[in-house]
Amino acid sequence: MKDIVDLSHPLESGMQIYPGDPRFHCAPAAELSRDGYNVQRLQMGSHTGTHVDAPYHFIADGKKIDDVPIDTFIGRAAVLDMSYKGAKGKIQWEDLAIFEDLMKSGNILLIRTDWSKHWGHSIYYDHPYLTRAAAAEILKRGVKVIGVDTLSPDATAINGGTWDFGVHEEVLGSGGIIAENLTNLAAIQEGEWMVSLVPLRLAGCDGSPVRAFAWKA
Ligand SMILES: [Zn+2]
């Protein structure tokens, strides 16, 4: 199958994580030379690398990742170009309203900032972010899944500023899904694309790493 675009960052030791989250490790548990085969032990948080958040991430009685129907994570990509936004740039409804036609049930809304090029560096924390009010407007139009090529759709204040989880509360509170740390969104800006953000079937978990990818619709 041709025309597949990988939208995921690699999972590797030393990779960037959300401040305070568990570090990623992949280390030998059995070794070919000693045991006759290789098995590795994985250790990571549920929000490591390119991943999705289930409602349970912020909502006590929200759906867990294995409760969300698999088709929720597959849909037509609607890529909104916000790549002109700079560090800590605020994305408001006024910026997004011109894309209103793309905001409908079944479409996966991908907010493209190209901040993914800063992955692994401290400036990655200074990503553009969505306002809570903008998220509410998007959801009103039937969108269930919002993906970003940044650490979070909310502002991350590790380098200064105010912590806020308004977009998380809004999206997850409405039963929606957030995808974070996507990359390569510029590659699917033009043309019609389908996207898959299917998580692992992690029973009772609040999120899951995903191998996000897109293919020509
Ligand atoms: Zn997350």
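Readers should treat all values here as calculations from the given coordinates under stated rules, not as data from a laboratory. Note that this is a predicted model, so its numbers are computed, not measured. Backbone-built Cβ (ideal geometry, glycine too); neighbour counts: all protein chains shown.
Pairs of alpha-carbon atoms within less than 8 angstrom and 6+ residues apart define the contacts here; what relative contact order does segment 15-168 have, in percent? Relative contact order comes out at 19 percent. Counting other Cβ atoms within 10 Å as a rough exposure proxy, the listed residues TYR125, TYR37, TYR56, TYR18 run TYR37, TYR18, TYR56, TYR125 from fewest neighbours to most. Between ALA203 and TYR84, the simple label model (points 7 Å from Cα in the Cβ direction) yields a spacing of 5.1 nm.
Backbone geometry of segment 16-28 corresponds, through the Karplus equation with coefficients 6.51, -1.76 and 1.60 at θ = phi - 60°, to 3J(HN,Hα) couplings of 5, 9, 5, x, x, 6, x, 6, 8, 9, 9, 10, x Hz, x marking Gly and Pro. Footprinting exposure proxy ranking of SER196, SER116, SER122, fewest other C-beta atoms within 10 angstrom first, gives SER122, SER196, SER116. Checking the a/c ratio against 1.5 first, then a/b against b/c, what shape does the Cα gyration tensor give for segment 74-117? Verdict is oblate for segment 74-117.
Report the calculated FRET efficiency for PHE165 and GLU192 (r = Cβ-Cβ distance, R0 = 45 Å), to the nearest 0.05. Could the numbers behind the result be given before it?
Numbers: r = 33 Å, r/R0 = 0.74.
The formula returns an efficiency of 0.85 here.
From least to most packed, judged by other beta carbons within 10 angstrom and beginning with the fewest, ARG211, ARG132 follow the order ARG211, ARG132. Along the chain, the longest continuous region that contains none of the GluC sites (Glu not before Pro) in a DSSP loop with at most 15 other C-beta atoms within 10 Å is 32-189. Distance between the C-alpha centers of segment 1-70 and segment 157-217? Whole Å please. Each part reduced to its Cα centre gives a spacing of 14 Å. Using a ≥ b ≥ c from the Cα gyration tensor of segment 1-60 (square roots of the eigenvalues), is it rounded, prolate or oblate, where a/c under 1.5 gives rounded and otherwise the larger of a/b and b/c decides, a/b for prolate? Oblate, because a/c is 1.5 or more while a/b does not exceed b/c.
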